[in-house]
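Here is the structure we will look at, set down as C-alpha cells.
Every number here is computed from the coordinates shown, using simple stated rules; none is lab data. What you see is a predicted model, and the numbers here were worked out from it, not measured in a lab. Don't worry about glycine lacking a Cβ; one is built from the backbone with ideal geometry, like all the others, and counts go over all protein chains shown.
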Amino acid sequence: MTTPASFSEEECFSVLWKIKKFTYYCETIRSAEFSFHGYSYFILLNMASVHVDCTLQSLPNYRQRPGNDFRREISFLTCDGSQKESISGGKNVNLRVPKDVIFGSRRNSFLPGDALTVRFRFPTTYERGKLYICSQIGVKRNCFLWTLKNFSNYQYDPKTFNQYNMKKYVEKSEDYGDIELALKPMGGFNTDKNFSIEISRTGENKCYCILKIYVLDVDGRALNCVSDEFVFETYQQTRMFPSFIKKNKLLSCKNLLLPNDTLSLKCDFALSLGKVTDETSVISYSEDVASLVKEFDYLSTCFKVESGSDTDLKTDLKSILDSGTLFDVSIQIGSEVIRAHKNILSARSPVFRAMFTKDMQEATNNTVVIEDLSVETVLKLLLYMYTDTIHDCQWENLKELYFASDKYEVLSLKKKCVPLMKTNLSISNVCDALVLSDLHQDRNLKTAAIDFISEYDSAFFASEEWKELEKNNSSLAFKFMREICCNKQTRLN
C-alpha cells in the first residue's frame with residue numbers, strides 16, 4: 001500500500017538505484033555504499049516467496065551511533081518517473097511489494113528495458129541533490145543453432161537416442177553446472193506427433209534460466225518463438241519446455257520448414273546466479289524525476305569501462321558468426337569457405353562496404369575471394385569485426401592480422417595491433433616491424449621499432465635478420481640506418 005510523502009522533492013537528498021536485468025534477480029542484492037549526514041549506508045533488496053522487500057541498511061560500525069533515525073521515503077518508480085509503490089516512515093520503514101505487481105501485468109511499467117528503479121528520499125536542510133547508483137545482474141547467454149537431421153523418420157528409441165542428435169549440451173561450468181537439452185515426444189515413448197524440449201541440469205548453485213526457441217525456415221528466418229523461464233534450485237533437476245513442435249504441421253510445410261528433412265532451431269539460453277556484477281555511481285543535480293530515470297542509461301554507459309550488456313552483445317554476435325545464422329555472403333580462402341553477414345562487414349570496413357554497395361563482382365555473386373591471407377587470419381579478422389576482441393597475440397599472428405586490418409581499412413584493429421606488437425618485439429622480428437611500418441606508412445610502429453633498436457643496437461646489427469635486410473634491400477636498410485642513428489643522437493642529447 002502506498003503512503004503519500006509528507007515532504008517535497010526540493011527539500012530532499014535523493015538516492016536513485018537502477019538495477020539492470022532485474023528479471024534475473026534471485027534472492028538478495030545490495031547497492032553500492034553511499035554517505036549521508038556523515039554516515040555510510042546501502043540499499044538492500046530481498047526477494048521473498050511472494051514479495052520484494054526494500055530497506056535502508058547502515059554499515060555495522062554505524063548502527064549504534066545517534067543521528068541516523070531520520071525520516072525517509074522508499075519508492076519503486078515506473079517508466080514515467082512516478083512513484084506507484086511508495087512508503088514513508090522512520091528508521092525501520094520497509095517497502096514490501098507483491099512480486100505479481102512488478103512482474104505481472106504492470107511489468108512494462110515497473111521494468112522498462114528490464115530495469116527496476118528504486119528511490120530513497122531524505123528531507124534535509126543541507127546535502128540536497130541526487131545520487132545515482134547503477135547496478136547490473138550478471139547474465140551468461142548462449143545463442144546457438146540446433147539442427148535435427150532426418151526429422152520426418154525420427155522415432156523415439158532410448159537406445160539410439162543420441163545417434164539422432166536429439167540431445168544438446170548448452171553449459172558445462174562450475175558456476176552453472178551441467179545443462180543439457182533433449183528433444184522428446186509428448187505423451188510417452190510410443191507417441192511422436194508432438195515434441196517438447198526437456199532441460200536437465202546438475203549443479204549446486206541456484207540458477208535462474210530463460211530459454212527462447214525459434215523454428216527457422218528455409219531462408220533462415222525465425223518463426224514461432226516460444227519462451228519459458230524457470231529456476232534450478234537443487235543439485236539435479238529436470239524441466240519440460242512448453243510443447244511447440246507438431247510433427248504433422250512441420251511435414252505439411254516440409255519444403256519451407258524441413259529443407260533436406262532437417263529441422264533447424266535457433267536457441268537463446270540465458271543463465272544467471274542473480275548476483276550483481278558491476279556498480280556505478282555519480283552525483284548529479286536535477287529536479288525532473290522523469291528525465292532522471294531516462295538519463296540512467298546514458299550515465300551508466302559513461303561511467304563503466306565494460307558493461308554486462310556489452311559482453312552479451314559480443315557473445316550474441318560471435319554466436320551468429322560461429323553458427324552462420326542468416327548469413328548472406330561467403331568468404332572463400334582456397335578450398336575453405338567462411339559464412340558471414342554483409343551488414344556487419346560493411347559497418348566495420350569501408351573496403352567491404354564498397355564491394356557490396358557498388359557494381360562489383362562480390363555484390364553480384366555474394367562471394368569474396370581472398371588469396372593473400374590464411375584461413376586463421378581471416379577468422380581472427382572476422383572475430384574482431386564481430387566482437388571487437390583480439391585473441392592469440394603471438395608475433396606472427398599479429399603481423400598477419402595487422403596486414404589484414406590495413407588491407408580492409410579496419411583502422412581500430414590496426415591501431416590496437418601496434419601496442420601488442422610493441423610488447424612482442426625482439427631481435428629476431430624487429431626488422432619485420434620496420435618493413436611493415438614502411439610499407440603501411442605507420443609512424444607509431446616505426447617509432448616503437450627504432451626505439452627498440454636504439455636500446456639493443458649491438459645485438460641488432462649483429463643479427464642475421466639485419467644482415468639479410470642489408471643484402472636483399474640495401475636502400476631500405478640505409479634509410480633505416482639513418483633514422484636509427486638520428487634517434488640515437490637525440491637520446492644522447
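Points to keep in mind about this one:
- Hz values of 3J(HN,Hα) by residue in the stretch 476-483 - Karplus curve (6.51, -1.76, 1.60), Gly and Pro given as x: 5, 4, 5, 4, 5, 4, 4, 5
- Peptides 198-206, 229-237, ordered by how many other C-beta atoms sit within 10 Å of their residues on average, highest first, read 198-206, 229-237.
- Taking amide hydrogens as placed 1.01 Å from N in the peptide plane, the amide H of LEU373 sits under 5 Å from that of no residue at least 5 positions away in sequence or on another chain.
- Ordering of 17-24, 403-410, 171-178 by packing [mean C-beta count within 10 Å, highest first]: 17-24, 403-410, 171-178
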